[in-house]
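What follows is a short report on a single structure.
The values are calculated or read from the model by the stated rules, or taken from the named source; none is laboratory data. Given the structure is predicted, the values throughout are model-derived calculations rather than measurements. FYI the Cβ positions are ideal-geometry reconstructions off the backbone, even for glycines, and counts take in every protein chain you see. Protein only, heavy atoms only, side chains kept; ligands, DNA and RNA dropped before computing areas. Shrake-Rupley method; radii C 1.70, N 1.55, O 1.52, S 1.80 Å.
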Amino acid sequence: MRIGSYKLDNNLMLAPMAGVTDRPFRQLCKRMGAGLVVSEMLSSNPKVWNTAKSQARMNHEGEEGIRSVQIAGADPELMAQAAQFNVENGAQIVDINMGCPAKKVNKKLAGSALLQYPETVEAIIKAVVNAVDVPVTLKIRTGWNPENRNGVDIARIAEQNGIQSLAVHGRTRACMYKGEAEYNTIRCIKEAISIPVIANGDITSPQKAQEVLDYTGADGIMIGRGAQGNPWIFKQIQHFLETGENLPSPSLSEQYEVLHEHVANVQNFYGDVAGVRIARKHVGWYLSQYDTDRQFRKTFNAIECADAQLEALNAYFQSLQNSETRQISPAA
């Protein structure tokens with residue numbers, strides 16, 4: 001699959017998620033087989049670019065692969081300036097956010113709120129595409145609400161004004177993340193335009209990935225929440241698409257090694273205070289299948305020291321390992 005002049009390793013992408021797809025998580029998912037990882041959205045308001053949060057989002061030091069940076073906003077001129085700023089800082093692809101359903105984003109008429117205003121959509125796309133010499137991509141939802149699924153119209157505007165690839169989440173803004181994603185609109189979008197279309201929404205297994213690709217005819221898939229606590233999903237999907245067979249689930253030891261490394265990288269990236277806080281949600285996602293009563297998560301979330309977090313994870317996985325050993329040992 002290609003986006004402009006860039007050839008991707010495969011057609012599996014990590015969706016941009018605010019507060020999730022930071023540098024440590026992007027690097028991990030890239031290593032686990034994602035063909036493209038997209039950074040957290042950066043506001044087009046230059047007044048916030050020097051804040052600690054924005055500076056962290058702009059940090060791509062040591063990252064491998066194609067650097068795709070997402071920008072969000074509602075003013076065409078500011079979006080163009082944000083695109084130029086990010087390209088000057090190393091962005092190789094600029095992605096425009098018109099899919100975020102969050103109220104704090106939508107009340108500024110950014111994110112998926114823009115789908116109500118096709119003329120503004122066109123103005124933003126034109127401004128950004130004309131401002132930079134790198135490929136510009138777009139992420140949208142299927143529409144503003146179920147009564148106004150105008151994804152096909154928006155897709156045509158995108159293609160006509162130079163967008164190189166379109167990612168579509170199979171829900172409207174009003175749906176937020178409730179219910180199930182629908183793929184009919186994505187299928188119609190794929191039939192209506194010739195640029196690459198990426199299907200997104202509720203893809204949490206290799207089998208679902210295959211079903212969505214087959215049904216929509218999409219050129220690739222984008223995985224968001226399905227990768228939280230499960231970065232292995234990319235290599236699992238790739239293996240299934242190539243062979244039709246399931247990869248074995250990662251062993252407890254591999255799960256521990258990956259989680260330990262991820263938490264340590266988060267702590268190092270953000271520092272002991274913020275790193276400890278941010279690591280908590282990732283640990284909750286990784287351990288949801290084991291910590292069903294959330295007792296460990298409650299204990300872990302009370303830890304304020306980086307080293308103590310790592311020690312707690314070591315002890316917890318040791319107990320899981322001991323339990324697994326007892327279960328597979330032959331009866332006396």
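Worth a mention:
- Pairs where the first residue, in segment 150-162, is open to solvent by less than 20 Å² (accessible area, probe 1.4 Å) and the second is modelled with pLDDT under 95 and among the polar types (S, T, N, Q), C-beta under 9 Å, 6+ apart: 151/172
- Flag if residue 302 is open to solvent by 30 Å² or more (accessible area, probe 1.4 Å) and over 25 Å from residue 177 (Cβ atoms): yes
- Any hit, segment 111-131, residues being under 23 Å from residue 86 (Cα atoms), in a loop (DSSP other than H, G, I, E, B), open to solvent by 10 Å² or more (accessible area, probe 1.4 Å) and in contact (Cβ under 8 Å) with a residue 12 or more places away in the chain: no
- Residue match in segment 60-68 (condition: open to solvent by less than 40 Å² (accessible area, probe 1.4 Å), over 24 Å from residue 234 (Cβ atoms) and free of Cβ contacts under 8 Å to residues at least 60 places away in the same chain): no
- Check on residue 78, surrounded by fewer than 24 Cβ atoms within 10 Å (Cβ to Cβ) and either of a type in the set (A, V, I, L, M, F, W, C) or outside the structural domain of residue 144 (by the TED database) (or both): yes
- For residue 84, the requirement of being free of Cβ contacts under 8 Å to residues at least 24 places away in the same chain and either under 16 Å from residue 158 (Cα atoms) or surrounded by fewer than 17 Cβ atoms within 10 Å (Cβ to Cβ) (or both) is not met.
- Here residue 138 meets each of (1) touching a residue at least 40 places away in the same chain (Cβ under 8 Å); (2) open to solvent by 10 Å² or more (accessible area, probe 1.4 Å) with one exception, condition (2).
- In segment 40-53 there is no residue that is in the same structural domain as residue 16 (by the TED database), in contact (Cβ under 8 Å) with a residue 24 or more places away in the chain, closer than 26 Å to residue 186 by Cα and in a helix (DSSP H, G or I).
- Checked against (1) among the aliphatic types (A, V, I, L, M); (2) part of a helix (DSSP H, G or I); (3) surrounded by 16 or more Cβ atoms within 10 Å (Cβ to Cβ), residue 274 passes all but a single condition, namely (3).
- Scanning segment 29-39 for residues that are open to solvent by 10 Å² or more (accessible area, probe 1.4 Å) and either outside the structural domain of residue 229 (by the TED database) or in a helix (DSSP H, G or I) (or both) returns 30, 31.
- Residue list for segment 236-267, filter: exposed (fewer than 13 other Cβ atoms within 10 Å of the Cβ) and free of Cβ contacts under 8 Å to residues at least 24 places away in the same chain: 242, 243, 244, 245, 248, 249, 251, 254
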